[in-house]
Ligand code: NIG
Ligand code: FE
């Protein structure tokens, strides 16, 4: 017996279409397909038809006889949101650092003094597998409540082979047991650990010679990420780590030009990273270089908001021809949030994006940032049936009525996971 779901009467079905091969850029970032009084037919977790009730009824009479029906009158349907940059696996919290920053200390100064990423690394190293599993599972549950159905998670609070593997194994276990689709990223290059403080290149050797081969061999990650930033990994060290990852089949991602301009955007373009993330301080040359590629620029306005920094210039990037995505960067230090819709709101109010651009940025372009655009990120027949039903009359409300949760129902692979 096939599993059939029929969503009918949605005030709007809102999605990009035609961008599953290459990301949406420029005008395409502003375009959405809107179906009014829209209906959606799903069979065994895959989208079968999208359109109006009459035409779907005519073609699929048999299917509708045994379908579970959801009436979405007064509501809208979007693709499941995709959060392509998170640091969800950690223990502990950093509220005292938050207060220190409110009093004027900088994020990097706190990190240099042994806090920041190092503080979370210590807490995560001492946490056992089960604790990390439970805490991360709770965060995934909350992301789902806010409409996210696919997420990327990075390791990077381990900084030794054994501890990085522990984090990646937690991700692997969650991939099996949680409805969320998870893309795993190895980020051993998140900070220089204390033991290599005097000779950071030794840690680069450790990552390239000892960590990457094991992570790849055990198939624990698809992507390899580096914090390329003054005082952390130089562009040269970042290049070594990302090139080495490539030889093991790991796809490069990069934390680029977050705090200072440092050539990260340029490096991302040169090595054809799948995404370049942050880019608050990216140079004009770096943006121009990225516009010539299909590298996705993953912007993280929650981090600028929470670090009280200048926001990335999304308007300039999109106008230059860059494909932009949005993400929470969820982590305990620089962006302790689990609300991707709030990032869409900040995208409009703080980065010059249109509401349409923020929807493409949190769906199809976010899917491209993690290599998933052929299966998720838009509502098109043949794609995975991941949707969110929002209790709003039209899509503008997603970024207009801010700071609250409009999610009504979340459907993952054709099954209701939040209602
Ligand atoms: O993307 N910049 C580096 N990594 C994270 C912050 C992690 C942390 O502070 O714990 C980021 O902002
Ligand atoms: Fe990050």
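The values are calculated or read from the model by the stated rules, or taken from the named source; none is laboratory data. These figures come from a predicted structure and were not determined experimentally. Reconstructed Cβ throughout: ideal geometry from the backbone, glycine too, with neighbour counts over all protein chains shown.
Which one is nearest to ligand 1 (Cβ to nearest atom) among residues in the stretch 180-202 that are assigned to a helix (DSSP H, G or I) and out of contact with any strand residue (DSSP E or B) (no Cβ under 8 Å at 6 or more places or on another chain)?
Here is the first cut: in the stretch 180-202, the ones assigned to a helix (DSSP H, G or I) are 194-196, 200-202.
If we keep only those that are out of contact with any strand residue (DSSP E or B) (no Cβ under 8 Å at 6 or more places or on another chain) too, we end up with 194-196, 201-202.
Numbers: 194: 16, 195: 19, 196: 17, 201: 20, 202: 21 Å.
Applying the filter and picking the extreme gives 194.
Only a single item in (1) in contact with a helix residue (DSSP H, G or I) (Cβ under 8 Å, 6 or more places away or on another chain); (2) more than 23 Å from residue 181 (Cα to Cα); (3) assigned to a helix (DSSP H, G or I) is not met by residue 343, and it is number (2).
Being under 13 Å from the mean Cα position of the chain (by Cα) and either more than 16 Å from ligand 2 (Cβ to nearest atom) or under 25 Å from residue 47 (Cα atoms) (or both) narrows it down to one of 331, 345, 365, so name that one.
Just a single option satisfies the conditions, and that option is 365.
Residues that are within 16 Å of ligand 2 (Cβ to nearest atom) and more than 21 Å from the chain's Cα centre (by Cα) do occur in the stretch 99-107.
Kindly evaluate residue 149 against the criterion of being away from ligand 2 (no atom under 16 Å from the Cβ), closer than 30 Å to residue 416 by Cβ and in the same structural domain as residue 209 (by TED's automatic domain parsing).
Details: away from ligand 2 (no atom under 16 Å from the Cβ): yes; closer than 30 Å to residue 416 by Cβ: yes; in the same structural domain as residue 209 (by TED's automatic domain parsing): yes.
Considered against the rule, which asks whether it is away from ligand 2 (no atom under 16 Å from the Cβ), closer than 30 Å to residue 416 by Cβ and in the same structural domain as residue 209 (by TED's automatic domain parsing), residue 149 comes out as yes.
Applying the set (1) within 16 Å of ligand 2 (Cβ to nearest atom); (2) in contact (Cβ under 8 Å) with a residue 40 or more places away in the chain; (3) within 15 Å of residue 361 (Cα to Cα) to residue 276 leaves exactly one unmet item: (2). Pairs are defined by a Cβ separation below 6 Å, a sequence spacing of at least 6 or placement on different chains, a first member in the stretch 287-304 that is in contact (Cβ under 8 Å) with a residue 40 or more places away in the chain and farther than 15 Å from residue 345 by Cα, and a second member that is within 12 Å of ligand 2 (Cβ to nearest atom) and not in a strand (DSSP E or B); the pairs so defined are 298/84; 298/85; 298/327.
Within the stretch 222-229, does at least one residue satisfy the condition of being more than 18 Å from residue 273 (Cα to Cα) and assigned by TED's automatic domain parsing to the domain that holds residue 114?
no
Set side by side, the residues 338, 349 differ, and just one is assigned to a helix (DSSP H, G or I) and either in the same structural domain as residue 94 (by TED's automatic domain parsing) or within 19 Å of residue 306 (Cα to Cα) (or both), which is 349.
When 222, 236 are checked against the criterion of being over 22 Å from residue 328 (Cα atoms), modelled with pLDDT of 95 or more and away from ligand 2 (no atom under 16 Å from the Cβ), a single residue qualifies: 236.
Among the conditions (1) in a helix (DSSP H, G or I); (2) within 13 Å of ligand 1 (Cβ to nearest atom); (3) touching a strand residue (DSSP E or B) at 6+ places or on another chain (Cβ under 8 Å), residue 122 misses just one, which is (3). Of the set (1) within 16 Å of ligand 1 (Cβ to nearest atom); (2) in contact (Cβ under 8 Å) with a residue 24 or more places away in the chain, all apply to residue 9 but (1).
Check off (1) part of a strand (DSSP E or B); (2) buried (at least 19 other Cβ atoms within 10 Å of the Cβ) for residue 373 and give me the number that stays unchecked. Failing condition for residue 373: (1).
Quick check: is even one residue across the stretch 364-387 under 30 Å from residue 36 (Cβ atoms) and without any contact (Cβ under 8 Å) to a residue 12 or more places away in the chain? Scanning the stretch 364-387, I find at least one residue that is under 30 Å from residue 36 (Cβ atoms) and without any contact (Cβ under 8 Å) to a residue 12 or more places away in the chain, so the answer is yes. Scan the stretch 161-171 and give yes if some residue there is under 23 Å from the mean Cα position of the chain (by Cα) and in a strand (DSSP E or B), otherwise no. No: the stretch 161-171 contains no residue that is under 23 Å from the mean Cα position of the chain (by Cα) and in a strand (DSSP E or B). Taking the stated definitions as given, is residue 337 surrounded by 24 or more Cβ atoms within 10 Å (Cβ to Cβ), touching a residue at least 24 places away in the same chain (Cβ under 8 Å), within 16 Å of ligand 1 (Cβ to nearest atom) and over 27 Å from residue 35 (Cβ atoms)? Criteria not met by residue 337.
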